[in-house]
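Chemist: Below you will find the structure I want to go over with you.
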Amino acid sequence: MINVKLSKDFDTFHIDFSGHAGYSKKGTDMVCAAVSATVFNFLIYVDHIKDIKFLKKEIIPEKPRCYAIFKITKEIEQFNIIYDYFVFSMNLLKKNNPDHITLNIIDKNPIDL
């Protein structure tokens, strides 16, 4: 089971995902590949936005686990669009693979930045 946790607290965001989907054997699991691609593409994109600062970023392939904390230093419409798309994508992956993905989204500030 892949566990994905997303937390938004005003201008600080936390992403934590870990585990293996168990859809098929390691190295051939398309559910793991889809989640990994979605998370890593989001983090790569965020890393290129100049007004976002990563406070922590850690990838541990042998666990497998990825953890990131980043802070937005000013309002960025570009980020809101990509974050909404990321949440939409993760929800869609979970909906299509409910036995292989858990998704926990905590929004401590439901008002957009």
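Chemist: Can you confirm whether region 28-40 contains a residue that is closer than 11 Å to Cys66 by Cβ, touching a Pro at 6+ places or on another chain (Cβ under 9 Å) and free of Cβ contacts under 8 Å to residues at least 40 places away in the same chain?
Modeler: Within region 28-40, one or more residues are closer than 11 Å to Cys66 by Cβ, touching a Pro at 6+ places or on another chain (Cβ under 9 Å) and free of Cβ contacts under 8 Å to residues at least 40 places away in the same chain.
Chemist: Here's another thing I want to ask about it. For region 66-93, give me each residue that is free of Cβ contacts under 8 Å to residues at least 12 places away in the same chain and closer than 19 Å to Phe17 by Cβ. Reasoning before the result, please.
Modeler: Taking region 66-93 as the starting set, the residues that turn out to be free of Cβ contacts under 8 Å to residues at least 12 places away in the same chain are 77, 81, 84-85, 88, 92.
Hits for region 66-93 are Asp84, Tyr85, Phe88, Leu92.
Chemist: May I pose another question? Just give me the residues in region 41-65 being farther than 19 Å from Leu103 by Cα and touching a residue at least 12 places away in the same chain (Cβ under 8 Å), in sequence order.
Modeler: Tyr45, Val46, Ile49, Asp51, Ile52, Lys53, Phe54, Leu55, Lys56, Lys57 - these are the residues of region 41-65 that are farther than 19 Å from Leu103 by Cα and touching a residue at least 12 places away in the same chain (Cβ under 8 Å).
Chemist: Shifting gears a bit: With respect to Phe17, determine if the residue is closer than 14 Å to Asn97 by Cβ and either part of a strand (DSSP E or B) or of a type in the set (Phe, Trp, Tyr) (or both).
Modeler: Values: closer than 14 Å to Asn97 by Cβ: yes; either part of a strand (DSSP E or B) or of a type in the set (Phe, Trp, Tyr) (or both): yes.
Considered against the rule, which asks whether it is closer than 14 Å to Asn97 by Cβ and either part of a strand (DSSP E or B) or of a type in the set (Phe, Trp, Tyr) (or both), Phe17 comes out as yes.
Bear in mind that the values in this text are calculations on the coordinates, not laboratory data. Everything numeric in this text was worked out from a predicted model, so none of it was measured. All Cβ positions, even for glycine, are placed from backbone atoms using ideal geometry, and neighbour counts span all protein chains on display.
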